[in-house]
Amino acid sequence: MKLRTVKLRTVKLSHIRQVSLPVTDLERAVAFYRDVLGASFIASFAPPGIAFFDFAGVRLLLSAGTTGSVLYFAVDDIHTAFAELSGGGVVFDDEPHMIFRDDKGQFGPPGTEEWMAFFADTEGNTLALTERRPIAAAGAETDSASSSPT
């Protein structure tokens, strides 16, 4: 991937919100992180076979049946970050879209949506932008929500 050098004026990827790791046995992995490491368990969803833990505000996503890891970068405005990174030569898999509507507050304040946009670095590693926003802020942009966050 050839990137143009641009100065990003408002986007600075400085906070990792979530890291995903592939697992072969979700139940065994959940027991290890929860019972051996003492991680704070958030939730699991089967299907698709995923579980979440909290490490001081950084989520760990364990995902059965996948390969490779994903770094999820928190941004204040996903559409601005998407536009600026796209302008710098980053090729996204898709437009920013809502992944999960968090009515109950499992992953943060209740009444929020989690939006994501995926792309790859120069080495083919999957990365994502992620924004949590109040449901009211989504307005006309609201997409159909997934039954489980990715």
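Screening 107, 100, 118 for residues that are hydrophobic (A, V, I, L, M, F, W, C), at pLDDT 95 or above and touching a strand residue (DSSP E or B) at 6+ places or on another chain (Cβ under 9 Å) leaves exactly one candidate, 118.
Restricting to the range 106-130, count the residues that are outside any loop (DSSP other than H, G, I, E, B) and over 18 Å from residue 74 (Cβ atoms). Selection size over the range 106-130: 1. Residue 83 meets all of the listed conditions (1) free of Cβ contacts under 8 Å to residues at least 12 places away in the same chain; (2) farther than 21 Å from residue 129 by Cβ but one, namely (2). Among the residues that make up the range 67-76, is at least one of them surrounded by 15 or more Cβ atoms within 10 Å (Cβ to Cβ), more than 21 Å from residue 121 (Cβ to Cβ) and of a type outside the set (D, E, K, R)? Within the range 67-76 (the criterion being surrounded by 15 or more Cβ atoms within 10 Å (Cβ to Cβ), more than 21 Å from residue 121 (Cβ to Cβ) and of a type outside the set (D, E, K, R)), the answer is no, since none of the residues qualifies.
Using the structure shown, decide if residue 103 is touching a Pro at 6+ places or on another chain (Cβ under 7 Å) and among the acidic types (Asp, Glu).
yes
Against the list (1) modelled with pLDDT of 95 or more; (2) surrounded by fewer than 16 Cβ atoms within 10 Å (Cβ to Cβ); (3) not assigned by TED's automatic domain parsing to the domain that holds residue 121; (4) not hydroxyl-bearing (Ser, Thr, Tyr), the condition residue 6 fails is (1).
Quick one: in the range 81-124, which of the residues that are of a type in the set (S, T, N, Q) and either in contact with a helix residue (DSSP H, G or I) (Cβ under 8 Å, 6 or more places away or on another chain) or exposed (fewer than 12 other Cβ atoms within 10 Å of the Cβ) (or both) is nearest to residue 45 (Cα to Cα)? Show your work before the answer.
Start the filter on the range 81-124 by keeping residues that are of a type in the set (S, T, N, Q), which leaves 86, 106, 112, 122.
Remaining after also requiring either in contact with a helix residue (DSSP H, G or I) (Cβ under 8 Å, 6 or more places away or on another chain) or exposed (fewer than 12 other Cβ atoms within 10 Å of the Cβ) (or both): 112, 122.
Values: 112: 19, 122: 32 Å.
Taking the candidates together, the pick is 112.
The values are calculated or read from the model by the stated rules, or taken from the named source; none is laboratory data. Quick caveat, the model's predicted, so the values are computed rather than measured. Note that each Cβ is placed from the backbone with ideal geometry, even for glycine, and that neighbours are counted across all protein chains shown.
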